[in-house]
Every structure is written in C-alpha cells, then in structure tokens.
Amino acid sequence: MHTILITGAGSGIGKATAIRLSPKKNTRIILAGRRLEKLEEVKSELVNPSNHIAISVDVSKKDSLTDLLASDKANLAEHPLVAVFANAGVGGPNFFGPGDRWKEIIDINLTGAYNTCMASHPWLVKAGEAGIECRHIAITSSCLARFGVPGLPAYISSKTAIMGLVRGLAVEWSQSGIYVNAIAPGWVDTEMAKESIQSQADILDMSYEDMLKEVCSVLPTGRMSKPNEIAALVEFLFSNAQRSIVGTTIDINNGSWMG
Ligand SMILES: NC(=O)c1ccc[n+]([C@@H]2O[C@H](COP(=O)([O-])OP(=O)(O)OC[C@H]3O[C@@H](n4cnc5c(N)ncnc54)[C@H](OP(=O)(O)O)[C@@H]3O)[C@@H](O)[C@H]2O)c1
C-alpha cells in the first residue's frame, strides 16, 4: 500500500481529508497530531480502519517527526510515503509582552510545516527510487497570508511564510518528481473557526449566531467552506494528474481575497 501522512488529522480539515482519501485503492493514512484519542476516533471512522495508523506527534519538535516516520509502526520501507499534508496548526491572537504566543504559533505553524516537509523528504525520495514517479506535499496556509487583520501578527506571519517555504522547496524538489504547494483557505467550518468567531463575538458583546452572520455577510458567496471542500482540493493536488502546479499557494476562500 502507499502511505499518505496527514498532520492535524484529529479534527477539522485534516480529519475531512483523511476521510476523503482513505477509501482510495492501495492507500493507508498516517493520522498525526498531539491528542492520540482524537486520532483513534478519526481512524475508527475511516474505511478499513485497520489499514491506517494513528500516531501522536508534536510537529514543532523535529525529532518527534523523524522518529515517527522511521518507526516500525509507520513501516515506510514496506508502504512507501507518496504524499504529505502538512496541515497542523494553531490559531488565535498574540500580544507583545508577558504570555506572548509568538513563539508557540511560529513553532507550530511555520517550523512545524518545515519539520514535516524535511522529515518526510528522505522517505519521498525512497518512494521515487522504488519507482513511484509522482509524489506530493501540500501545506495549509490561510487567506490571512493575503491580507492583514488586527491581533494576529504571529498567525499572519506564520501563514505568509508558508508561501515562501513552498517556493523554496518546490525549486529544489520538483525535478525529482516531488511537487510542493500550499493551500490558503478562508473561513472553514471547524473548531478553530468557531473559537475565533466566539472570541470576536465576546469582544463585541454579540451572540455567536449574530457574529457568524456578520462574518459570512462580507463574503461574496455569503458562506464559509465545509472541511470536505478543502479536502477535495487536497485530493486533486495529490493526484497523478497534477504535475504542473508547483510552488504555488492556491486560494480557496469564498472570494474573501481575489488574486
Ligand atoms: N478553520 C479555518 O477557518 C482555517 C482557515 C485557514 C487556515 N486554517 C488552517 O487549517 C489548518 C487546520 O485547522 P482546522 O481549521 O482544521 O482546525 P482544528 O480542527 O483546530 O485543527 C488543527 C489540528 O492541528 C493539530 N495540531 C495543533 N498543534 C499541533 C502540534 N504542535 N503538533 C501536531 N498537531 C497539532 C490539532 O490537534 P492536536 O491539538 O491534538 O495536536 C488539530 O487536530 C490549520 O493549519 C489552520 O491554521 C484554518
């Protein structure tokens, strides 16, 4: 079987992507995230749960990823790594001073994506040596790589830097058949979005429902994406048909930013 690594697979976009990709022929998913119980829950919802594996990992720690991929459980010698979705991330504000979350957010969202790509690269190369021509990496950026909002300097910086990371890696790795891109979602209906809308509602002393309406009213489509829509884009990026999109960040944002 061929292996796909998904980080942040215990919830939201990562979970939806695991559910979407797992029924594919000859496919096993490594579900990675910090909370093992969430990953095990997702695994139990997949088609043929025993084909897939759940492993606890903190993407901000590079050894944690290197060890995961080299583990007997991952067994990448037998089941080559063909695609990587570096999707784990944290949201929320940060403020300069005591308790600043700058380092935490950059360590997880940016360094975590870098660690995921770099730890995966030798295994993607091995898959190429085993005759699998086309391998893929997708990293989750955000529409906040396209415009600024107040209170989120670390989040915005981390997601904007992802655009540079995919360019740098794509230039190095495309020739060998490893295609690296980012996706930049706008609002997606996940726990992260709910928490963000709730905190904006709290600041403005509004109900969650009214804040949600307000958020959607400024989007050209008037709605936020469902996680499965983002998963469908990842599915396309991971297909053998896709060998020409390289080092790009693809917007999927209900028109909140139009390039
Ligand atoms: N929802 C949106 O509106 C939106 C918009 C644009 C971009 N995004 C991006 O989409 C990605 C997925 O977010 P989501 O919306 O699906 O939210 P989510 O449900 O909160 O998913 C984030 C996932 O990342 C995992 N994670 C966080 N820190 C980690 C770490 N250090 N190591 C390993 N895993 C970690 C979390 O699991 P554990 O806590 O168990 O580790 C969680 O499963 C994120 O990168 C986010 O920034 C989301």
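Taking just the C-alpha trace of the chain, give me its Rg and Dmax in Å.
17.9, 58
Treating the angle as unsigned and between 0 and 90°, give the value, to the nearest 10°, between the Cα long axis of helix 153-173 and the longest Cα principal axis of the chain.
So the inclination is approximately 30 degrees.
Quick check of the Kirkwood formula: for region 30-167, what is the inverse mean of 1/r over all pairs of different Cα atoms, in Å?
16.2
How far apart, in nm, are two points set 7 Å out from the Cα along the Cα-to-Cβ line at Asn51 and at Lys126?
2.1
With the crude spin-label approximation of a point 7 Å out along Cα→Cβ, what separation in nm comes out for His2 versus Lys25?
1.1
Please compare each pair in Lys15/Lys126; Lys73/Lys159; Lys24/Lys126; Lys61/Lys226; Lys62/Lys226; Lys38/Lys61 to a cut-off of 24 Å on the Cα-Cα distance and tell me which ones are over it.
With Cα atoms farther than 24 Å apart: Lys15/Lys126; Lys73/Lys159; Lys61/Lys226; Lys62/Lys226.
For region 1-94, what log10 I(q)/I(0) values come out of the Debye formula at q = 0.10 1/Å, with one point per alpha carbon and no solvent?
One equal scatterer on each Cα of region 1-94 leads to -0.22.
If you take the Cα Rg of region 56-129 and divide it by 2.2 N^0.38 Å, with N the number of residues, what do you get?
Relative to the rule-of-thumb radius for its length, region 56-129 sits at 1.30.
Taking region 117-203 as the region of interest, what is the percent of Cα-Cα pairs per 10 angstrom bin, listed from the shortest bin to the one with the maximum distance?
With 10 Å bins starting at 0, P(r) equals 15, 38, 25, 16, 5, 1.
To make sure I understand, if each residue's beta carbon is the centre and we count other beta carbons within 10 Å, what order do Ile203, Ile105 fall in, fewest to most?
Fewest to most other Cβ atoms nearby, the residues stand as Ile203, Ile105.
With no solvent and one point per C-alpha, what does the Debye sum give as log10 I(q)/I(0) for region 109-259 at q = 0.14 Å⁻¹?
So the normalised log intensities work out to -0.73.
Calculate, for Met118 and Asp210, the FRET efficiency according to 1/(1 + (r/R0)^6) with r their C-beta to C-beta distance and R0 51 Å; round to the nearest 0.05.
Approximately 0.70, to the nearest 0.05.
Which net charge results when you count Lys and Arg as +1 and Asp and Glu as -1 among the other residues whose beta-carbon is under 13 Å from that of Leu5?
Net charge around Leu5: +3.
Could you compute the net charge surrounding Thr111? Neighbours are other residues with a C-beta less than 10 Å from the C-beta of Thr111; K and R count +1, D and E count -1.
Working: positive: Lys61, Lys62, Lys103; negative: Asp107.
Neighbourhood net charge equals +2.
Using a 10 angstrom Cβ neighbour count of at most 13 plus a DSSP loop assignment to flag exposed chymotrypsin sites (Phe, Trp or Tyr not before Pro), which longest range of the chain is free of such sites?
Result, exposed sites excluded: 148-259.
Taking N as the number of residues in region 55-98, what is its alpha-carbon radius of gyration divided by 2.2 N^0.38 Å?
Values: Rg = 14.9 Å, N = 44, 2.2 N^0.38 = 9.3 Å.
Dividing the Cα radius of gyration by 2.2 N^0.38 Å gives 1.61.
What is the sum of charges, Lys and Arg at +1 and Asp and Glu at -1, for the other residues whose Cβ falls under 14 Å from the Cβ of Asn253?
Neighbour charge sum, excluding Asn253 itself: +1.
Return the calculated 222 nm mean residue ellipticity for the chain, to the nearest 500 deg cm²/dmol, obtained by summing -39500 (n - 2.57) across DSSP H runs with n ≥ 4 and dividing by the residue count.
-12500 deg cm²/dmol
Only the coordinates and a few stated rules stand behind these numbers; no lab work does. Since the structure is predicted, the reported quantities are computational estimates derived from the model, not experimental observations. Glycine gets a Cβ as well: all are built from the backbone with ideal geometry, and neighbour counts include every protein chain shown.
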